[in-house]
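The values are calculated or read from the model by the stated rules, or taken from the named source; none is laboratory data. Not measured: the values here are computed from a predicted model. Backbone-built Cβ (ideal geometry, glycine too); neighbour counts: all protein chains shown.
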Amino acid sequence: MPYARSFGPFAHRIPLRSPADVDNGSADGLTRLDATITDINITGSDPTLQVRAPDGMNWTIELASHARNRAIGLTDAALLPGDKVHVAGEPAHHFGETRIKALRLTINDQRFDLSEETPTAA
C-alpha cells in the first residue's frame with residue numbers, strides 16, 4: 001500500500017462533506033435526505049430509487065431485498081415519481097458518489113423500516 005506523506009495537499013486532512021441538503025450530524029450516525037422521487041426501480045435486480053434533492057443533486061437510494069420490500073409493503077404501487085421522500089441510511093464510502101443505503105424511508109407520511117431486524121412496517 002502506498003505511503004502518503006504528510007505535506008503538500010495531504011498536510012491537512014479533513015473529512016469531506018456531502019451537499020448541503022444531507023444531514024450527516026445526527027446522533028444515531030445516519031445520513032438523512034429529503035428529496036423527490038424521479039425514478040423507481042423496485043423490481044430490478046438491485047432495488048433502487050432515484051431521487052432529486054432540493055439543490056438539484058441526484059441521489060441513488062439502495063433499498064432492501066425484494067422479499068423484505070414486499071414484507072413491509074414497499075411496492076411499485078406504493079410509489080409515484082414526484083412523491084416526497086425522507087431517507088435515513090448509510091452513505092456510500094466512495095468520494096463523489098451520491099448513494100445512500102436506506103435503513104428507513106418515509107413516503108407520503110408512511111414509514112418503511114428496511115432493516116432486517118424489524119419484521120413489520122413501522
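Observations on the model:
- When Leu16 is tested against the conditions (1) over 18 Å from Ser115 (Cα atoms); (2) more than 15 Å from the chain's Cα centre (by Cα); (3) modelled with pLDDT of 90 or more; (4) not β-branched (Val, Ile, Thr), the lone failure is (3).
- Index of the failed condition, Trp59 passing every other in (1) aromatic (Phe, Trp, Tyr); (2) under 15 Å from Lys101 (Cβ atoms); (3) modelled with pLDDT under 90: (3)
- If you go through the range 53-73 and keep only what is surrounded by 16 or more Cβ atoms within 10 Å (Cβ to Cβ) and within 17 Å of His86 (Cβ to Cβ), you end up with Ala53, Met57, Trp59, Thr60, Ile61, Glu62, Leu63, Ala64, Ile72.
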